[in-house]
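S.K.: Dropping the structure in here first, questions after.
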Amino acid sequence: MASQRKTLSDAASGSLTPTERDRVARPRAIERSSLVLALMAVAVGIAAGYGAGLFRALIGLFHNIAFSGTFSFAYDANQHTDASVWGAGIILVPMIGAVIVTWLVRTFAPEAKGHGVPEVIDAIYYRGGIIRPSVVATKALASSISIATGGAVGREGPIIQIGSALGSGLGQLVRLREWQRNTLIASGAAAGITATFNAPLGGLLFAIEIILPETSGRTLIPVLLSTGAAAFVGQSLFGDTPSFNIPALGNSGLELSSPTLFVIYVIFGVLLGLAAWLFTRSIYWAEAAFEKLPVNDYVRHVAGMGVVGVMMYAFLVYGGHYYVEGVGYATIQNILENLLTNPWLLLLLFAAKLLATSLTLGSGASGGVFSPALYLGATLGGAFAVAMQHIAPGFHLDVATMAVLGMAGVVAGSTGAALTALVIIFEMTRDYHVIIPMVIIVSIAYGVRQFLMADTIYTFKLTRRNHPVPASLETNLFMLRKAAEFYDPRVVRVGSTRGIAEVRRRFRRFGRQSPNVLVLDKNQQIQAIFSSRRHYRLKKQGGLGIRSWADDHMETDYIVVGAEDMIFDIVGRLRAAACEVALVTPDGTMSHPREVQGVLTLSDVARSSRLARQMERRRSARKPTSRSRDSAVEDADET
């Protein structure tokens with residue numbers, strides 16, 4: 001494959017125009033039309049919906065084999081699993097599952113380890129929207145086995161990663177541009193949430209809050225279409241019902257008729273924020289502890305799941321159910337139906353699930369954190385409701401209501417997806433009375449967790465990997481400014497036969513500052529550009545001529561822009577041309593190198609994103625007169 005960057009000698013012999021340079025440097029990726037992208041998003045939504053169905057079927061199959069020794073896909077996560085035919089031997093089931101999961105992850109896709117969403121975010125911000133196709137099958141198998149054999153993890157994270165991998169795979173197959181691949185990744189993630197919870201609005205908001213690096217009409221429409229397609233598929237497979245059968249909530253506790261009730265909600269929000277912080281920290285504390293063990297991955301995971309197996313069996317013997325195994329939906333359903341109201345048991349379940357999830361993920365399992373967050377919120381909310389019934393009985397805070405609010409609070413606090421938590425819970429309850437208390441509690445829980453740690457349960461893993469991601473999506477107002485406010489006017493034009501000593505002599509007028517060098521051929525065409533950020537290399541050279549070392553340090557690809565062009569448009573053109581340098585002229589055209597007023601690079605734009613100070617420095621440095629700007633451009637002998 002021909003290199004996109006041409007050498008100095010190639011450029012000299014070809015005498016390429018700027019337009020031709022743009023065409024040569026253009027990447028092979030193709031920007032499909034909006035209609036094609038929308039159709040692809042629908043396809044991703046359909047595939048993710050059926051993928052969610054297949055994933056659930058795999059969980060049911062492996063669960064029935066592991067717990068009862070039967071070959072069946074029938075499995076209702078909202079019902080407790082019957083006591084296993086293996087008796088105490090059930091303790092070995094999570095350990096056997098750990099061996100299989102570790103082999104799958106190590107052999108086929110290491111990124112399938114963990115709870116999935118961080119890997120999706122990492123792919124968007126650090127891998128150009130590339131997720132390997134092998135992740136789909138590996139994640140489906142590894143996570144379904146982890147959940148089916150007793151791992152205390154959720155199915156939402158894996159479904160999100162599977163849907164995202166499908167979107168990325170389709171984008172790679174048809175060679176989409178990066179932003180379009182990212183849009184399909186977000187479409188797959190949103191479709192996964194939609195199919196899991198029957199909550200299309202929640203899926204859309206999850207994509208906006210967690211996945212999408214760009215929020216605009218061109219990205220939102222495909223995601224919307226994907227969630228709609230996934231909703232149709234999900235309802236055809238699972239019915240038109242939410243994940244939980246939530247009874248009518250007691251409205252007396254939802255009416256903000258007393259300042260005291262508001263204070264109670266504030267206290268509850270603080271507790272949920274602390275729980276979200278503890279949940280986030282505990283997973284990575286466990287992961288760090290297991291990594292320090294002087295054993296291999298198999299032993300780590302088997303050891304962690306052995307403890308989970310013991311906890312499962314202990315709860316069966318003393319509590320009648322396994323309680324902490326799998327996604328935990330059955331326990332949540334019991335709380336919502338007021339079948340679990342003992343506050344001490346609820347607090348014990350909270351602590352046990354927290355420990356079991358930390359051991360499961362920390363030791364190397366594959367599974368999500370969304371379901372455990374719901375579990376923790378439901379148990380803490382139920383316990384809080386029972387306590388308030390004794391402390392403040394006049395407010396009639398029932399267990400189901402506080403469990404619902406607790407689920408929203410822990411999910412919002414731990415994941416950072418506050419709007420997603422609000423909307424998903426609302427789509428589950430379909431009770432408008434829950435909105436106002438939930439807004440209060442979710443906001444406080446989110447704020448408490450953010451006060452204690454900036455990272456969410458998704459981004460903390462990336463921060464530990466030294467892959468930070470933006471905490472928010474902001475409008476960079478400087479991108480709307482003109483090139484004239486940013487470009488570097490320090491330009492020197494030299495012939496390609498000049499020696500380094502001669503060039504350095506001409507730099508003296510700039511003092512300690514480094515100018516941009518335009519290297520011209522005998523026809524007065526620009527052969528190469530040495531931007532100021534590369535000028536330091538000149539100081540390391542001897543008496544060699546420019547031509548002898550330029551191929552290693554030059555910029556031969558560039559675009560020509562106008563002084564009045566917006567930075568946003570310039571960055572887009574630079575990325576499309578796969579180059580870093582823009583030459584600024586008065587009107588965006590160039591017939592002679594003398595017309596170049598300055599040089600603008602992507603590095604200049606990146607530094608300016610920290611904004612005002614540097615922009616003001618550049619403005620003040622160029623402000624005195626237009627003559628001073630012109631005098632900053634020095635001509636050397638052309639040859």
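S.K.: Mind listing just one residue for me: the one in region 573-587 that is surrounded by 20 or more Cβ atoms within 10 Å (Cβ to Cβ) and small (Gly, Ala, Ser) and, of those, nearest to ASP488 (Cα to Cα)?
M.R.: Here the residue is ALA582.
S.K.: Moving on. I'd like the full set of residues that are at positive phi and surrounded by fewer than 24 Cβ atoms within 10 Å (Cβ to Cβ), limited to region 112-149.
M.R.: Within region 112-149, GLY128 is the sole residue that qualifies.
S.K.: Please determine whether any residue of region 376-393 is in a helix (DSSP H, G or I), open to solvent by 10 Å² or more (accessible area, probe 1.4 Å), within 30 Å of ALA140 (Cα to Cα) and touching a residue at least 40 places away in the same chain (Cβ under 8 Å).
M.R.: Looking through region 376-393, none of the residues is in a helix (DSSP H, G or I), open to solvent by 10 Å² or more (accessible area, probe 1.4 Å), within 30 Å of ALA140 (Cα to Cα) and touching a residue at least 40 places away in the same chain (Cβ under 8 Å).
S.K.: Let me ask something else. In region 126-163, which residues are β-branched (Val, Ile, Thr) and in contact with a strand residue (DSSP E or B) (Cβ under 9 Å, 6 or more places away or on another chain)?
M.R.: Within region 126-163, THR138, ILE145, ILE147, VAL153, ILE159, ILE160 qualify.
S.K.: Which of the residues spanning region 556-601 are outside any loop (DSSP other than H, G, I, E, B) and hydroxyl-bearing (Ser, Thr, Tyr)?
M.R.: TYR558, THR585, THR601
S.K.: Would you be able to say whether some residue in region 26-36 is farther than 27 Å from LEU339 by Cβ, modelled with pLDDT of 90 or more, surrounded by fewer than 14 Cβ atoms within 10 Å (Cβ to Cβ) and not charged (D, E, K, R)?
M.R.: Checked region 26-36: no residue is farther than 27 Å from LEU339 by Cβ, modelled with pLDDT of 90 or more, surrounded by fewer than 14 Cβ atoms within 10 Å (Cβ to Cβ) and not charged (D, E, K, R).
S.K.: Something else about it: I need the full set of residues from region 167-203 which are buried (at least 24 other Cβ atoms within 10 Å of the Cβ), in contact with a Pro (Cβ under 9 Å, 6 or more places away or on another chain) and over 29 Å from HIS80 (Cα atoms), in order please.
M.R.: The answer is SER168, GLN180, ASN182, THR183, LEU184, ALA186, SER187.
S.K.: Next question, about the same structure. Please find, among LEU397, LEU419, the residue that is outside any helix (DSSP H, G or I) and touching a residue at least 60 places away in the same chain (Cβ under 8 Å).
M.R.: LEU397
S.K.: So how many residues does region 299-320 have that are open to solvent by 30 Å² or more (accessible area, probe 1.4 Å), under 30 Å from the mean Cα position of the chain (by Cα) and among the β-branched types (Val, Ile, Thr)?
M.R.: 1
S.K.: Just one of the numbered conditions (1) surrounded by 15 or more Cβ atoms within 10 Å (Cβ to Cβ); (2) more than 15 Å from GLU325 (Cα to Cα); (3) touching a residue at least 40 places away in the same chain (Cβ under 8 Å); (4) not acidic (Asp, Glu) is not true of ALA109; which one?
M.R.: Of everything listed in (1) surrounded by 15 or more Cβ atoms within 10 Å (Cβ to Cβ); (2) more than 15 Å from GLU325 (Cα to Cα); (3) touching a residue at least 40 places away in the same chain (Cβ under 8 Å); (4) not acidic (Asp, Glu), ALA109 misses just condition (3).
The values are calculated or read from the model by the stated rules, or taken from the named source; none is laboratory data. What you are looking at is a predicted structure, and each value in this text was computed from that prediction instead of being measured. Because the Cβ atoms are built from the backbone with ideal geometry, glycine has one as well, and the counts that use them run over all protein chains shown. Remember, those area values only see protein heavy atoms, side chains included, never the ligands or the DNA or RNA. Shrake-Rupley method; radii C 1.70, N 1.55, O 1.52, S 1.80 Å.
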